[in-house]
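So the structure is just underneath, and the comments pick up after that.
The values are calculated or read from the model by the stated rules, or taken from the named source; none is laboratory data. Predicted, not measured: the structure shown is a model, and the values here were computed from it. Cβ sites come from the backbone with ideal geometry, for glycine too, and all protein chains shown count toward neighbours.
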Amino acid sequence: MAKTILVVEDDVDLLDLYEEVLQANAYNVVKATNGLEAISKYKKAQPDLVVMDGNMSEMDGYEAFSKIIKIDKDARVVIVTGYSNSDPKSKKALEQGLIAIISKPVGIDTLLDVVKKYSLHKPILKNNI
């Protein structure tokens, strides 16, 4: 069964590129362009992995992650950012259970490696969201 990846990126061209690459590699893709939309789509899709931009309008990736992890403590989320891992937001998110922070720019090979590595084992939710 194909893994479902929620990709959250406010750059629509980049979002479409990620979708195209992931679909070509047999992943189901759900797209969102901001943190608020990501939370809504997470609840509906229950993806195996979320790959999310850290810096977006309306709600950034870090705030969206903190809300997603409250909905599903086993959520597997990777944030893509131009900031360092020692940034206070990054440190806090890692302490809350963020599985990885990937530095921009993200090439296609890196994207595929990250998705393959981190979408492996997502427990089935016991409660409906």
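Numbers for the structure displayed
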{"item": "Condition met for MET56 (within 16 Å of TYR118 (Cβ to Cβ), among the aliphatic types (A, V, I, L, M) and touching a residue at least 40 places away in the same chain (Cβ under 8 Å))", "result": "no"}
{"item": "The listed residue being in contact with a helix residue (DSSP H, G or I) (Cβ under 9 Å, 6 or more places away or on another chain) and either buried (at least 16 other Cβ atoms within 10 Å of the Cβ) or modelled with pLDDT under 95 (or both), out of SER86, SER90", "result": "SER90"}
{"item": "Residue check for GLY35: of a type in the set (Gly, Ala, Ser) and surrounded by 13 or more Cβ atoms within 10 Å (Cβ to Cβ)", "result": "yes"}
{"item": "Residues of the stretch 38-74 satisfying the condition of being among the small types (Gly, Ala, Ser) and buried (at least 22 other Cβ atoms within 10 Å of the Cβ)", "result": "ALA38, GLY54, GLY61, ALA64"}
{"item": "Unmet requirement for ILE68, which otherwise passes all of (1) outside any helix (DSSP H, G or I); (2) among the β-branched types (Val, Ile, Thr); (3) in contact with a Phe, Trp or Tyr (Cβ under 6 Å, 6 or more places away or on another chain)", "result": "(1)"}
{"item": "Enumeration of residues in the stretch 77-115 that are closer than 23 Å to GLN46 by Cα and part of a helix (DSSP H, G or I)", "result": "ALA93, LEU94, GLU95, GLN96, LEU111, LEU112, ASP113, VAL114, VAL115"}
{"item": "Given (1) outside any loop (DSSP other than H, G, I, E, B); (2) basic (Lys, Arg); (3) free of Cβ contacts under 8 Å to residues at least 60 places away in the same chain, number of the condition LYS73 does not satisfy", "result": "(1)"}
